[in-house]
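One structure below.
Since every read-out is calculated from the coordinates, none of them should be taken as a lab result. As the structure is a computational prediction, the values presented were derived from the model and not from experiment.
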Amino acid sequence: MQALAVPISLLALAVSIFSLVFLATSVLRKTGQRLRGSLIECSSHACEDKFFSKITIENLKDKSAVIFKVYVKFGHNIYLVIQDFGDEPLILKPYEVFTSSYGPLDYYSTGTDRVRINKFFNQNTRRRIILSTSEGKYSVKPKSKIWSPIPTFFKNNYTGIINPVRSKYDGVSYGGNALFIVELVNKEHSNQIFAIYPGDHRSKKFKNFQLTEKSISNEKELKTFLKRTIKLGKVSFTDFKIHDVKKWNEENRRQNTQEFEAEHLTWFRYHIIGRFLSKVRSLEFSRKNKKTKKQAERKLAKKRSSKNQETSPVEDTPQKPPSSQKL
């Protein structure tokens, strides 16, 4: 019995400690505030000023957070209003994420004066998200950095970053093999959307009529076929719209003129050769940039000197009086 007493007491102690820790974490999740956020800055040809294009705020507590205003604090004394929720504050539910996007702006102002703050968007300027909440001022902790392969690409140009391209209609993507997207309008003005693919004339695509190979050869033939079908009274729809997916794909592929097969590289070729060649290219690129910059500075200096010579006042040379002539 004495031999079992020690393990039982240790087990009881462990259970009580675990229960205490669990109770403490549960209480901590329910009390106070804990929010995390991130910002994405942007510059656009649509406006002169830089701005924040997206903000994300995460509620990390097991209780709701009520937010009235969102600010970004630059340095010690500048507060930039990002969003004012007014009389309808944002209520972030437990563990909920809030994301909002913003477009270009006209200008920044304080009172009746216009203010320029582009220099504050420098990475060296300290900034933080400040929230006006139901519990007062809250300084949001910076969000952990989101990993991206883009910095890896600049270090090693053998890194491939591939993006899927989808042509969407009404929020749905139909794939690159689609020939047409047909929008049928019924008598009740309710729309039905169908995609037509190569070979659809071989299967029963529609209940009351069958597509032909000729009808899906081009947009004109399909339009003629659907008009004839409506006249025959075989269908319930009264009107239709045809969208040529081929044209969409052609416009997308104009931007991507080259096509190649992706290659899987060996460890040595990627990590050793790829890094070495990327470093060489980076040095060559920086050397060319310095050379171009020096040439541009020389041209600018020449232009300024020639402009100064043209604008400098010319001193009037005194004219000699006409010499007297003997008659």
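The table below lists the values:
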{"quantity": "Kirkwood Rh in Å, taken over all unlike Cα pairs in the range 170-254", "calculated": "13.5 Å"}
{"quantity": "Mean separation of Cα contacts under 8 Å (6+ apart) over length of the range 170-254, as relative contact order %", "calculated": "36 percent"}
{"quantity": "In Hz, Karplus ³J(HN,Hα) per residue of the range 39-52 (6.51, -1.76, 1.60; θ = phi - 60°; x = Gly, Pro)", "calculated": "10, 10, 8, 8, 10, 9, 5, 6, 8, 7, 8, 6, 8, 8"}
{"quantity": "Length gained when the stretch Val172-Lys291 is fully extended (0.36 nm per residue, less Cα-Cα span)", "calculated": "37.9 nm"}
{"quantity": "Additional length obtainable on full extension of the chain from Thr212 to Phe120, 0.36 nm per residue less Cα span", "calculated": "26.8 nm"}
{"quantity": "For the range 35-142: Kirkwood Rh in Å [reciprocal of mean 1/r, alpha carbons]", "calculated": "14.7 Å"}
{"quantity": "Stokes-Einstein translational diffusion, the range 255-294 - Kirkwood Rh over all Cα pairs, 1.002 mPa s, 20 °C, in µm²/s", "calculated": "169 µm²/s"}
{"quantity": "Note, ³J(HN,Hα) from phi for the range 193-209, Karplus 6.51, -1.76, 1.60, rounded to Hz, x at Gly and Pro", "calculated": "10, 10, 9, 10, 10, x, x, 5, 6, 8, 10, 7, 6, 10, 6, 9, 8"}
{"quantity": "Estimated vicinal HN-Hα couplings, Hz - the range 90-96 in sequence order (Karplus 6.51, -1.76, 1.60; Gly, Pro = x)", "calculated": "6, 10, 8, 6, x, 6, 8"}
